[in-house]
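Student: Please read through the structure below; I'll follow up with questions.
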Amino acid sequence: MTVDVMTTLRAFYAAEAAYLTEGAEFEQMATHLASDVVMCQASSLPYGGEWHGHKGFREFIAAMSDSWDGLWFDEQQFVNDDDRVVVYSRGRLRARRTGRTLNTSLLQWISFRDGLITEFRPYYHDTTAVLAALTTSGSATPGPR
């Protein structure tokens, strides 16, 4: 039986949001990840770099959780090409240390094998705004309209 990559991806996103917002268990995300999954984040971010395997992904999501304590998707659009999905996400993140809410968007290139996620390559609309939300107290950061 073939697993639909869109079903996997939507379940992963729900588990990721629950982890960051509600403190859900990592294993809820891990069930959707291949054992050799790779996360590639912009090097300028506090959780930047390449993270490999479940161990690396667990370390990445813990580092991301150190930065953010809330994640909400307001809009997502998907372009599916069998074992690859490009996702446009518009949403909000709340910075743990500053309390700022960042309204932002990003594109992600996500690859799959046997119905599991093998690679994430996110491309942020504005990494400067991401860093400002994490380091500056004050009002919410305006995002794209």
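The values are calculated or read from the model by the stated rules, or taken from the named source; none is laboratory data. The structure presented is a predicted model; accordingly, all values stated were derived computationally and were not measured. Quick reminder, even Gly has a Cβ in these numbers, built from the backbone with ideal geometry, and neighbours come from all protein chains shown. When the accessible area is computed, the model is the full protein with side chains, heavy atoms only, and any ligands, DNA or RNA have been set aside. Shrake-Rupley method; radii C 1.70, N 1.55, O 1.52, S 1.80 Å.
Student: If amide H atoms are built 1.01 Å from N in the plane of the peptide, which residues on other chains or at least 5 residues away come under 5 Å of the amide H of residue 24?
Tutor: 19
Student: Same structure again: Through the Karplus equation 6.51 cos²θ - 1.76 cosθ + 1.60, θ set to phi - 60°, convert the phi angles of the stretch 72-84 into ³J(HN,Hα) values in whole Hz; use x for Gly and Pro.
Tutor: 9, 8, 8, 7, 9, 10, 10, 10, 10, 10, 6, 9, 9
Student: Here are some values of mean projected area of the Cα convex hull in nm²: (1) 7.0; (2) 8.0; (3) 12.2. Which one was computed from this structure?
Tutor: Checked against the structure: label (2).
Student: Per-residue HN-Hα couplings for the stretch 62-68, Karplus 6.51 cos²θ - 1.76 cosθ + 1.60 at θ = phi - 60°, whole Hz, x for Gly and Pro?
Tutor: Values, residue by residue: 5, 5, 5, 5, 5, 8, 10 Hz.
Student: At a probe radius of 1.4 Å, what is the per-residue accessible area of residue 43, in Å² to the nearest 10?
Tutor: Taking all protein chains as shown, residue 43 has close to 110 Å².
Student: Rolling a 1.4 angstrom probe over the protein heavy atoms, how many square angstrom per residue are accessible across the chain?
Tutor: Values: 7440 Å² over 145 residues.
Here the per-residue accessible area is 51 Å².
Student: Residue separation times 0.36 nm, minus the C-alpha to C-alpha distance between residue 136 and residue 55: what's the value? Mind dumping the intermediate values first?
Tutor: On the way: separation 81, 0.36 × 81 = 29.16 nm, distance 3.08 nm.
Length gained, residue 136 through residue 55: 26.1 nm.
Student: Next question, about the same structure. Whole-Hz ³J(HN,Hα) for each residue in the stretch 110-116, computed from phi via Karplus 6.51 cos²θ - 1.76 cosθ + 1.60 with θ = phi - 60°, x for glycine and proline: what do you get?
Tutor: My calculation for the stretch 110-116 gives 10, 10, 10, 9, 6, x, 10 Hz in order.
Student: State the percentage of accessible surface on the chain attributable to carbon and sulfur atoms; use a 1.4 Å probe and exclude ligands, DNA and RNA. Walk me through the intermediate numbers first.
Tutor: Working: 3740 of 7440 Å².
C and S atoms contribute 50 percent here.
Student: Also, I was wondering about something else. According to a simple spin-label model (label point 7 Å from Cα along Cα-to-Cβ), what is the distance in nm between residue 81 and residue 6?
Tutor: 1.7 nm
Student: Please arrange 79, 86 by accessible surface area, largest first, computed with a 1.4 Å probe and ligands excluded.
Tutor: Per-residue accessible area, sorted high to low, gives 79, 86.
Student: So, one more: Under a 1.4 angstrom probe, counting protein chains only, how are 35, 44 ranked by accessible area, largest first?
Tutor: Numbers: 35 95, 44 65 Å².
So the residues, ranked largest to smallest area, are 35, 44.
Student: Ordering 135, 118 by accessible area with a probe of 1.4 Å, largest first, what comes out? Present the calculation step by step, with values, prior to reporting the outcome.
Tutor: Numbers: 135 105, 118 20 Å².
Heavy-atom accessible area, descending, gives 135, 118.
Student: Long-range amide H contacts for residue 100: which residues qualify at under 5 Å (H placed 1.01 Å from N, peptide plane, sequence gap of 5 or more or a different chain)?
Tutor: 95
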